[in-house]
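What follows is a short report on a single structure.
Please treat every number below as a calculation from the coordinates, not as lab data. Because the structure is predicted, anything quoted here is derived from the model rather than measured. Every residue, glycine among them, receives a Cβ derived from its backbone with ideal geometry; neighbour counts consider all protein chains shown.
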Number of protein chains: 4
Amino acid sequence: MGDVAAVPVIIDCDPGHDDALALLLAVGDPRLRLLGVTTVAGNQTLAKTTSNALKILALAGAIDVPVAAGCDRPLVGELTVAGDIHGESGLDGPDLDVPVGEAAGVHGVELMRRLILGYGEPVTLIATGPLTNVALLLRRHPEVLPYVRRVVFMGGSTDRGNTTPYGEFNIVTDPEAADIVLRSGLPVTMIGLNVTHQALATTQIIEEFRGMGTRLGVICADLMTFFASTYRRVFGFEHPPVHDPIAVACVIDPSIIVTVAVPVAVELVGAYTKGATVVDLHGRSGAVANADVAVGIEVEAFWRLLMAAVRRVG
Amino acid sequence: MGDVAAVPVIIDCDPGHDDALALLLAVGDPRLRLLGVTTVAGNQTLAKTTSNALKILALAGAIDVPVAAGCDRPLVGELTVAGDIHGESGLDGPDLDVPVGEAAGVHGVELMRRLILGYGEPVTLIATGPLTNVALLLRRHPEVLPYVRRVVFMGGSTDRGNTTPYGEFNIVTDPEAADIVLRSGLPVTMIGLNVTHQALATTQIIEEFRGMGTRLGVICADLMTFFASTYRRVFGFEHPPVHDPIAVACVIDPSIIVTVAVPVAVELVGAYTKGATVVDLHGRSGAVANADVAVGIEVEAFWRLLMAAVRRVG
Amino acid sequence: MGDVAAVPVIIDCDPGHDDALALLLAVGDPRLRLLGVTTVAGNQTLAKTTSNALKILALAGAIDVPVAAGCDRPLVGELTVAGDIHGESGLDGPDLDVPVGEAAGVHGVELMRRLILGYGEPVTLIATGPLTNVALLLRRHPEVLPYVRRVVFMGGSTDRGNTTPYGEFNIVTDPEAADIVLRSGLPVTMIGLNVTHQALATTQIIEEFRGMGTRLGVICADLMTFFASTYRRVFGFEHPPVHDPIAVACVIDPSIIVTVAVPVAVELVGAYTKGATVVDLHGRSGAVANADVAVGIEVEAFWRLLMAAVRRVG
Amino acid sequence: MGDVAAVPVIIDCDPGHDDALALLLAVGDPRLRLLGVTTVAGNQTLAKTTSNALKILALAGAIDVPVAAGCDRPLVGELTVAGDIHGESGLDGPDLDVPVGEAAGVHGVELMRRLILGYGEPVTLIATGPLTNVALLLRRHPEVLPYVRRVVFMGGSTDRGNTTPYGEFNIVTDPEAADIVLRSGLPVTMIGLNVTHQALATTQIIEEFRGMGTRLGVICADLMTFFASTYRRVFGFEHPPVHDPIAVACVIDPSIIVTVAVPVAVELVGAYTKGATVVDLHGRSGAVANADVAVGIEVEAFWRLLMAAVRRVG
Ligand SMILES: [Ca+2]
Ligand SMILES: [Ca+2]
Ligand SMILES: [Ca+2]
Ligand SMILES: [Ca+2]
């Protein structure tokens, strides 16, 4: 952190097991400068995701990174949390008892605005939860647009979803927000389930965390062990996918993912498909490309990058 | 203005010929205290509706009323202005050349927030344009909710619309915003086309304005004359309806309208009906009432109230 | 009946109190030649609507008119009958005990096809129930199209509905069928609630039926008395509207209704508005007119016509 | 053919290159008894798909198999043919000049009805085009239901589509028909793109056809060569998938596919996803299973089966 050439980023998240790893990666990799963290209701209620973000940053020793709570519900619809996947706390599994700092007294959207306008160069937004805060930022404070370098979000899919057959959790939770972001004209990178389902926390990965010999290593191992149990029960996965840190990783090192520039629409009106990201890979719709969509991932490189960051954090 | 017992209101508008009359009514009736005016894109672009609001307030001598520009586009969809109805300027017709004040340096939503939180008692929001600003206020600053006495909006219909067969302009322009307001839990009063189409600016009404012998009287007459010409051309109306001031009038004197407490939903997904307000007058849906919907109006009393206010303004 | 110049018609219906009057009108007026009657599930199940059609024809002495049962459910969705309006039998109220004939051994759609292709000149279809049979006829037997003079249907509305705020029962029950008929290219006349709600069976009307001194007069009075009771309970109407015979009446004497040629679409995808007939009275959509939509009715002339027919039947 | 134990089938198709192979497989495999062939508008207009079916049957020497033309358009929407994939004729590529028989004088739906009711045991319907005819059969002639053993259709997908990102051609062409079939209560097997995209007509496969030393072998090779060219151009496929014969193959030998019994819905209202088959593989919707959906295929076994049949036909 603090490196002159580091990429300035804000992480907007709903921790969440994989959000926790995303935060650790952003703290631990010197190629990023984490300006702030904002939270949103999603995997759990806003109070819980905010508390979880504070805990992870405290455990990572990143108490100087400002945290602010954003929206407690989606833009239009009602909130449905993912307690079946992330547990009652949103971070069930490890012992996360730690003295934490306090969230900033301002709304997450306001913190974003201040950090973006106050930094000397354009800032990258990494969103690993529903896009409510980001959409609200764009609508309420359009003056920030020139100072946002790009938006990288974990969400959606080019094929199947996880919340509905074609809908991924972050986008299904706030489809209108995703639509706003995808139509914003900003450079947008989408990291969907089609790639995140290739980055599985295998037994070997979990053991590597545990073998680090640090409290953080054990916590990561416990997080992934809990995540594995819910993914096995709900989806029949042998090993759980690790979605969110990939969105951070591709800002650190773009070579870990392969993207294509294609049109992406969000289905806002389907009876069964509301919240599906409709990715026109073969250009059949004639629409203009509005996102770089990840279609491939260097899984090994990703894990090396993540492990190194967690080790560096300590 | 300034009367101790006056009802504190903020008007969120998109002037617009009938918005202009709504502002004059709010300025001229001593039973209201107009805390501020916020503007939104709708009948015309935000720059034009803001300029128009400033002009009308200047003509009314209400230069102490703060004005702030809000959202320049709907929450989710794209903006389509109503140039066919309100002309290129949004207030075509009269000579409105007047030195105007400046809009406040803050966003309309921020002005609303400050006025609401800064006033000693709950404030009534009167919206006479698309509900974008109001919805954004509720999502971005939920802390204002206890201090909003109620929302009265001109928009929707219990029967036919004006922009589509079942859609009224303000709601069709931002259906998601209307949905947010109608689901907010706040007391909401809807003044729809079913009543506003009864308040027609007849030749006699226009002559009454013109006969006031004041510049404002002439302006009102010219506004209504232009409005009459577009309503005749587009809808075949003999005399144009005067929508927006009715929302103000019913805050001044609730007895001028008859309302029923019923369930109102906004159609967000129709191919032909997006933006329709679906008012369940006969309780067939089993849904809970979430709005007081105007179903009757004392037309004569309304015009007396409006004329008296315009005369008082001068 | 049998008059050389009489207009040949087929009535497709779901009796239903007002369908019963429609059948009596078609039997009793010499200007029509009733070739056959087909039934459809709607107000009640197919078995009940078929039995009811047979009863009414038997009571009218029209035992030579062939009756055939058509579709027992809508084209796409599920059937919801209107027992709350028409009672358990579909014709609750009067004593309808009468020896009835039998329905033809062929499907209603097949009977329509045979009657249309077998008659020497084009035939008028009058539909007073959901349009399932008519739509199926057009899709399954497109060869009949040149021999259908026109389709007149009772259904839809230019303003409010009766089953949902914007949906009328016949169209809401089978929106896809209505869409097929309205896009068929055939001349289509729509008799909607906006006119049928003006033809009310007042106390005076009911007494006129009862005063005829015939069994049929008493039956009509009892039908309307029952209908009045459900319309009062469900919709708060003082007197019940008599929808279906207006569709028959306007074939007998077009001067009893005023129509406009306008574009009509059926909303197939709304969350709250599915089945609404979206009538573009002001040509704002730019679509081509595809129906003659009733917008006015000569109520007195209608009742004279209906009363005369019932008297003639005896 | 004619084998006592053979499974009686009707093929409803829209030839189409892969439909042609499906017909050859049904003719050539002794474990099926092909009672009749009905055609539907889809890959090309009804006149062309009917002509194509007649040609393929003539080339196969199956002139005793009755053919009847069914629906020339989808149930509700408009027809869009797939000329970009199957060419102007629907079977572009080979020389198909052959004296053909005539289509039966009855509608395809009527032929289906007669064949089903006239055969001594329940019949299997194999649909390799839009499901218009099958849906119309179920709605117009519900009396056939007890005599339909099951419906096997090629269509839909558990993941991506080919006509829209989530929509496969047959289902997108007539989503309402697919909905009717999937809600019919009949045993339904869905063979979607997720398995058909694994059965690719590689260069080796095409050479095997060509090497048969028969006119039919050359035709099959030419069909696949043309199909390869359009799939390469439109979708970037190296080798084209062979969809339709898999639906036939799995009736011959169920062991060539793996299926799961799951809920399948058809999206009827999406702006971007209309016609998507929404397959709830993980039981998250709580809906009841209504189809056996293919999720795996024994590609080698499939090709052996198809090659043997084509060789047998000659
Ligand atoms: Ca997350
Ligand atoms: Ca306005
Ligand atoms: Ca009826
Ligand atoms: Ca096919």
* Asked: For the rotation bringing A onto C, which A residue has its Cβ nearest the axis, and at how many Å?
  -> A:Val269, 3
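How would you order A:253-260, C:196-203 from highest to lowest mean count of nearby Cβ atoms within 10 Å? It would help to have the intermediate numbers written out before the result.
Details: A:253-260: 15.8, C:196-203: 19.6.
Packing proxy ranking, top to bottom: C:196-203, A:253-260.
I need the peptides B:210-220, C:50-60 ranked by packing, meaning the mean over residues of other C-beta atoms within 10 angstrom, with the highest value on top. Working shown, then result.
Numbers: B:210-220: 17.0, C:50-60: 24.6.
The densest-packed peptide leads the list: C:50-60, B:210-220.
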* To do: Pop out the ³J(HN,Hα) list for the stretch C:291-308 in order, Karplus 6.51 cos²θ - 1.76 cosθ + 1.60 with θ = phi - 60°, rounded to Hz; leave Gly and Pro as x.
  => 7, 8, 9, 5, 10, x, 8, 8, 4, 4, 4, 4, 5, 4, 4, 5, 4, 4
* Asked: What list of ³J(HN,Hα) values in whole Hz, one per residue of the stretch A:206-223 in order, does the Karplus curve 6.51 cos²θ - 1.76 cosθ + 1.60 (θ = phi - 60°) give from phi, with Gly and Pro shown as x?
  -> 4, 5, 5, 4, 4, x, 5, x, 10, 4, 5, x, 5, 4, 4, 4, 5, 4
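For the stretch A:135-218, what does the relative contact order come out to in percent, with C-alpha contacts under 8 Å and a separation of six or more?
Details: 87 pairs, mean separation 25.5, N = 84.
The normalised contact order for the stretch A:135-218 reaches 30 percent.
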* Could you give the size of the charge dipole of the protein assembly as shown about its Cα centre, using +1 on the Cβ of each K and R and -1 on the Cβ of each D and E, expressed in debye and rounded to the nearest 20? => 0 debye
* **For the stretch B:253-314, size of Cβ-based charge dipole, Lys and Arg +1, Asp and Glu -1, in debye** => 200 debye
* Structure fact -> Between D:Val295 and residues 5 or more places away or on another chain, the pairs with built amide H atoms under 5 Å apart involve D:Val258, D:Thr259, D:Val260
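Would you mind classifying chain D by shape? Square roots of the alpha carbon gyration tensor eigenvalues, ordered a ≥ b ≥ c; an a/c under 1.5 is rounded, otherwise it is prolate if a/b is larger than b/c and oblate if not. Could you put the intermediate results ahead of the total?
Values: a/c = 1.36, a/b = 1.14, b/c = 1.19.
In terms of gyration-tensor shape, rounded.
What does the average come to when, for each residue of peptide B:225-236, you count the partner chain Cβ atoms lying within 10 Å of its Cβ?
1
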* Which one of B:Thr230, B:Pro187, B:Ile171 is farthest out on the positive end of the charge dipole of the stretch B:134-232, using unit charges on Cβ (Lys, Arg +1; Asp, Glu -1) and the Cα centre as origin? -> B:Pro187
* What size of dipole, in debye to the nearest 20, comes out for chain A about its Cα centre when the only charges are +1 on Lys and Arg C-beta atoms and -1 on Asp and Glu C-beta atoms? -> 420 debye
* Asked: How high is the FRET efficiency from A:Ala301 to A:Val218, r the C-beta distance, R0 25 Å, rounded to 0.05?
  -> 0.50
* Structure fact -> Once amide hydrogens are built 1.01 Å from N within the peptide plane, the residues lying 5 or more places from C:Thr189 or on another chain with amide H under 5 Å from its amide H are C:Val151, C:Val152, C:Phe153, C:Asp292
* Check D:Asp12: other-chain or 5+ apart residues with amide H under 5 Å from its amide H, H built from backbone geometry? -> D:Thr38, D:Ile126, D:Ala127, D:Thr128
* When the Karplus curve 6.51 cos²θ - 1.76 cosθ + 1.60 is applied with θ = phi - 60°, which whole-Hz ³J(HN,Hα) does each residue of the stretch C:55-72 get, with x for Gly and Pro? -> 5, 5, 5, 5, 4, 8, x, 9, 6, 7, 7, x, 10, 9, 7, x, 7, 9
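Under 8 Å for C-alpha pairs, at least 6 residues apart: give me the relative contact order for chain C, rounded to a whole percent. Mind dumping the intermediate values first?
On the way: 739 pairs, mean separation 62.8, N = 314.
Relative contact order comes out at 20 percent.
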* Name the residues of the stretch B:23-52 whose amide N is less than 18 Å from a point 7 angstrom out from the Cα of B:Glu121 along the C-beta direction? -> B:29-36
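Using the count of nearby Cβ atoms within 10 Å as a rough guide to exposure, how do B:Thr39, A:Thr225 rank from fewest to most?
Working: B:Thr39 32, A:Thr225 18.
Going from sparsest to densest Cβ surroundings: A:Thr225, B:Thr39.
With a 10 Å Cβ neighbour count serving as the proxy for reagent exposure, in which order, fewest first, do B:Val313, C:Val123 appear?
B:Val313, C:Val123
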* Asked: Considering only the label points, 7 Å along Cα→Cβ from Cα, what distances in nm to one decimal separate A:Glu207 from the same position in each other copy, shortest first?
  -> 4.6, 9.7, 9.8
* Asked: What is the count of Lys pairs in the protein assembly as shown whose alpha carbons sit under 30 Å apart, if the two are 8 or more places apart or on different chains?
  -> 10
* Asked: Lys/Arg Cβ at +1, Asp/Glu Cβ at -1, dipole of the stretch D:160-314 taken about the Cα centre: which of D:Thr203, D:Gly161, D:Val278 is farthest positive-ward?
  -> D:Thr203
* Asked: Label 7 Å along Cα→Cβ of A:Arg312; the stretch A:46-83 residues with amide nitrogen under 18 Å?
  -> A:57-65
* Asked: Shielding of A:140-153 by partners, i.e. mean partner chain Cβ atoms within 10 Å per residue?
  -> 1
